[in-house]
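> Dumping the structure here so I can ask a few things about it.
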Amino acid sequence: MLLRVGFELTYQVPFDVAVVALLRPHPSRADDIRPGEGELTVSPLGGPLEPHLDLFGNLADRFLAPAGQVVLTSDLLVEDTGAADLVVPGAGAVPVLSLPTDALTFLLPSRYCEVELLADVAWRHFGAVEPGWAQVQAVCDWVHEHLSYGSAHTSPTMTATGALAAGTGVCRDFQHLAIALCRCLNIPARYVSGWLGDIGIEPDAAPMDFHAWFEVHLEGGWYTFDARHNVPRIGRVPIAKGRDAADVAFTTTFGDAPLTSFVVWADEVP
């Protein structure tokens, strides 16, 4: 299967400002990108793009955005298997003492995932469920049922406990709550941002946006879950992975730079 994904983001920059962007496909999909595709274009650009890998292995770019209107664009073709998210019901939990050391970070509290405040909720609802895949799926089912999707009561500072109290949120809020609950159960969980088109499902009439999901570490490695949709999906293209949304912001501007236009696409190429 061939996917076309991309975006056009427009900022109004009142004065020159430094920017770090996480807008390229995740390095794990590097072999799936058509040659010459996937370049980030910044127009105008106040200096050279400085690509680098961040602390979590994401491909980032640092650059200077000059005062005025600045447009970030990318349009690329990605090869995909066309398979839905892998489902492995028999994957058990890995004891903490046997986890790879790089997974331990994803057991800890983070800015949007207050593990220490949700332990009682996690163990009360899921402590009796078999540790591993069944437990994570039970978390996703519960979050999917307890939160309604909508942006009316969310905000950039909404945390997992805030989403639970509000009973609503967008995709990032669903994932933050599920991630925090999994960490409470000693299952490493990390946040993923990327593209997810309406492939293999009825098209959504709402404008396309970037999407968030999460991964957990069980026997056999990392597996994809999505508390927002809560069904296996086709065509995920990850951009960045981290502890929560704070680690994978699409752009971090070191100064004022309001986003004035936002267009995202993720479609199957016939």
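> Candidates [x] -0.74, -1.43; [y] -0.42, -1.41; [z] -0.54, -1.47; which is the computed log10 I(q)/I(0) by the Debye sum over Cα atoms at q = 0.09, 0.17 Å⁻¹?
[y]
> Determine the equivalent ellipsoid of the range 46-112 by diagonalising the alpha-carbon gyration tensor, then write out the semi-axes as square roots of 5 times the eigenvalues, largest first, rounded to whole Å.
Details: eigenvalues 262, 91, 26 Å².
Here the semi-axes work out to 36, 21, 11 Å.
> Along Cα→Cβ, 7 Å out, is where each label goes; now give me the distance between the ones at LEU55 and ASP204 in nm to one decimal.
Between LEU55 and ASP204, the simple spin-label model gives 3.0 nm.
> Report ³J(HN,Hα) in whole Hz for each residue of the range 168-182, in order, from the Karplus equation J = 6.51 cos²θ - 1.76 cosθ + 1.60 where θ = phi - 60°; Gly and Pro get x.
Once θ is set to phi - 60°, the couplings for the range 168-182 become 8, x, 9, 4, 5, 5, 4, 5, 4, 5, 5, 4, 4, 5, 5 Hz.
> Here's another thing I want to ask about it. Where Lys and Arg each count +1 and Asp and Glu each count -1, what net charge lies around GLY92 among other residues with Cβ under 13 Å from its Cβ?
Taking every other residue near GLY92 into account, the sum is -2.
> At what distance in angstrom do the alpha carbon centres of the range 100-136 and the range 252-270 lie from each other?
Rounded to whole Å, the Cα centres lie 32 Å apart.
> Taking amide hydrogens as modeled 1.01 Å from N in the peptide plane, which residues meet the under 5 Å criterion relative to VAL13, leaving out close sequence neighbours?
Sorted by chain and number, the residues that satisfy this are GLY68, GLN69, VAL70.
> Counting Lys and Arg as +1 and Asp and Glu as -1, what is the net charge of the other residues whose Cβ lies under 12 Å from the Cβ of ALA65?
Numbers: positive: ARG62; negative: ASP16, ASP61, ASP256.
Taking every Cβ under 12 Å from that of ALA65, the sum is -2.
> Let me ask you something else. Place a point 7 Å from Cα of GLU219 in the direction of its Cβ. Which residues in the range 91-105 have their backbone N less than 16 Å from it?
91-100
> For the range 1-121, what are the per-bin percents of Cα-Cα distances with bins 5 Å wide, up to the bin holding the maximum?
2, 8, 13, 14, 14, 14, 13, 11, 7, 3, 1
> To the nearest 10 degrees, how steeply does helix 133-146 sit against the main Cα axis of the chain, on a 0 to 90 scale?
Long axis of 133-146 versus the principal axis of the chain: about 70 degrees.
> Please give the residues of the range 210-230, grouped as numeric ranges, whose backbone N is less than 15 Å from a label point set 7 Å along the Cα-to-Cβ vector of HIS146.
Answer for this model: 227-228.
> May I pose another question? If you add up the charges near THR224, with Lys and Arg at +1 and Asp and Glu at -1, over every other residue whose beta carbon is less than 10 angstrom from its beta carbon, what do you get?
Details: positive: ARG233, ARG236; negative: ASP85, GLU215, ASP226.
It works out to a net charge of -1.
> Angle, helix 115-126 long axis vs. longest principal axis of the chain, Cα atoms, 0 to 90°, nearest 10?
50
> Taking a quarter of the surface of the Cα convex hull of the range 138-227, what do you get in nm²? Provide the component values of the computation, followed by the final result.
Values: hull surface 26.0 nm².
The Cα convex hull of the range 138-227, projected and averaged over all directions, gives 6.5 nm².
> May I ask you to evaluate 6.51 cos²θ - 1.76 cosθ + 1.60, the Karplus curve with θ = phi - 60°, for each residue of the range 93-99 and list the ³J(HN,Hα) values in order in whole Hz, giving x for glycine and proline?
3J(HN,Hα) across the range 93-99, in whole Hz: 6, 9, x, 3, 5, 9, 5.
> Could you grab the relative contact order for the range 21-90? Cα pairs under 8 Å, six or more apart, rounded to a whole percent.
Details: 91 pairs, mean separation 27.2, N = 70.
Contact order relative to length: 39 percent.
> Starting at the first residue of the range 253-270, write each ³J(HN,Hα) from the Karplus equation 6.51 cos²θ - 1.76 cosθ + 1.60 with θ = phi - 60°, in whole Hz, x for Gly and Pro.
9, 9, x, 6, 7, x, 7, 10, 8, 8, 10, 10, 9, 7, 9, 7, 7, x
> Taking H as built 1.01 Å from N, whose amide H comes closer than 5 Å to the amide H of THR168, not counting residues under 5 places away?
The list, which skips near neighbours in sequence, is SER148.
> About its Cα centre, how strong a charge dipole does the range 1-151 have in debye, to the nearest 20, once Lys and Arg get +1 and Asp and Glu get -1 at the Cβ? Write down the numbers at each step before the final one.
Details: 7 positive and 20 negative charges, 30 e Å.
It works out to roughly 140 debye.
> Something else about it: Arrange the peptides 183-196, 91-104, 156-169 so that the one whose residues have, on average, the most other Cβ atoms within 10 Å appears first.
On the way: 183-196: 24.1, 91-104: 13.2, 156-169: 18.0.
Descending mean neighbour count gives 183-196, 156-169, 91-104.
> Work out the FRET efficiency for ARG124 and ALA30 from their Cβ-Cβ distance, taking R0 = 25 Å, and round it to the nearest 0.05.
The value I calculate is 0.05.
> Please get the size of the charge dipole for the range 108-229, origin at its Cα centre, with Cβ charges of +1 on Lys and Arg and -1 on Asp and Glu, quoted in debye to the nearest 20. Provide the component values of the computation, followed by the final result.
Working: 6 positive and 14 negative charges, 71 e Å.
Taking the Cα centre of the range 108-229 as origin, the dipole is about 340 debye.
> Assuming a ≥ b ≥ c are the square roots of the Cα gyration tensor eigenvalues, decide whether the range 90-180 counts as rounded (a/c under 1.5), prolate (otherwise, with a/b larger than b/c) or oblate. Don't skip to the answer; put the middle values down first.
Working: a/c = 2.19, a/b = 1.54, b/c = 1.41.
Here the range 90-180 falls in the prolate category.
Any read-out appearing in this document is the output of simple, stated calculations on the displayed coordinates, not a laboratory observation. The shown structure was predicted, so the numbers you read here are calculated from the model rather than taken from an experiment. Here the Cβ is made from the backbone with ideal geometry for all residues, glycine too, and neighbour counts use every protein chain on show.
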